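Okay, structure first, notes after.
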Amino acid sequence: MHTLRCNFTATIAAALFSVAAIGATSGPALQSGSVTSRLDTEGGAFALTIKSNPAPIPLNEPFELTITVKAARKIDDPNPLWLGVSATMPAHAHGMNTRTEVEPLGEGRFLVRGLLFHMAGDWDVLLQVAKGRVHEQAHMRVRIE
């Protein structure tokens, strides 16, 4: 669990991305040019803030995400916070072609490197968060044009 290297079927995008996005399976629907950067996990235990570099996310070029995770309620567990990120293209039944690394920066911040959306279209992004026995996820769909 200390090794936060994620092998992706694909990876992430979230808000603050000035790209057109569609409604998610769970999570907010984003509009083109949206500056929304906050997302809650499905059970409400965690709030995520997501920023991309560069913004907007480019088509078929690497980008990074900085994700801050905060517990929405007290979680009394000594285990470290863990973050996993993946993304797929449901219309094509595949994920990304790159291997991604999640690096903990401390104080609930993570840097996700090696992201690349190699095709235009709708990406279904999955963010998984864990701290001890509390495991939750958030979904978001992002359209890359």
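The values are calculated or read from the model by the stated rules, or taken from the named source; none is laboratory data. The structure displayed is predicted, hence computed values, not measured ones. Virtual Cβ from ideal backbone geometry, glycine too; neighbours counted across all protein chains shown. Accessible surface is based on the protein model in full, side chains and every heavy atom, while ligands, DNA and RNA are left aside. Shrake-Rupley method; radii C 1.70, N 1.55, O 1.52, S 1.80 Å.
Figures for the structure shown
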read-out: Residues satisfying the stated conditions in region 56-76, i.e. hydrophobic (A, V, I, L, M, F, W, C) and either surrounded by fewer than 18 Cβ atoms within 10 Å (Cβ to Cβ) or modelled with pLDDT of 90 or more (or both); value: LEU59, ILE67, VAL69, ALA71, ALA72, ILE75
read-out: Condition met for ASN79 (in contact (Cβ under 8 Å) with a residue 40 or more places away in the chain, on the phi > 0 side of the Ramachandran plot and open to solvent by 60 Å² or more (accessible area, probe 1.4 Å)); value: no
read-out: Subset of region 92-143 (residues that are of a type in the set (Val, Ile, Thr) and either assigned to a strand (DSSP E or B) or under 20 Å from ASP76 (Cα atoms) (or both)); value: THR100, VAL102, VAL112, VAL125, VAL129, VAL134, VAL142
read-out: Qualifying residue in region 126-145 (condition: farther than 22 Å from ARG38 by Cβ and surrounded by 15 or more Cβ atoms within 10 Å (Cβ to Cβ)); value: no
read-out: Subset of region 82-124 that is out of contact with any strand residue (DSSP E or B) (no Cβ under 9 Å at 6 or more places or on another chain) and closer than 19 Å to PRO62 by Cβ - its residue that is surrounded by the most Cβ atoms within 10 Å (Cβ to Cβ); value: HIS118
read-out: Pairs, first closer than 9 Å to LYS70 by Cα in region 39-51, second acidic (Asp, Glu) and open to solvent by less than 40 Å² (accessible area, probe 1.4 Å), C-beta under 7 Å, six or more apart; value: ALA45/GLU136; PHE46/GLU136
read-out: Any chance VAL85 is closer than 15 Å to GLY114 by Cα and in contact (Cβ under 8 Å) with a residue 40 or more places away in the chain; value: yes
read-out: Residue, most open to solvent (accessible area, probe 1.4 Å), within region 44-55, restricted to residues that are assigned to a strand (DSSP E or B) and not basic (Lys, Arg); value: ASN53
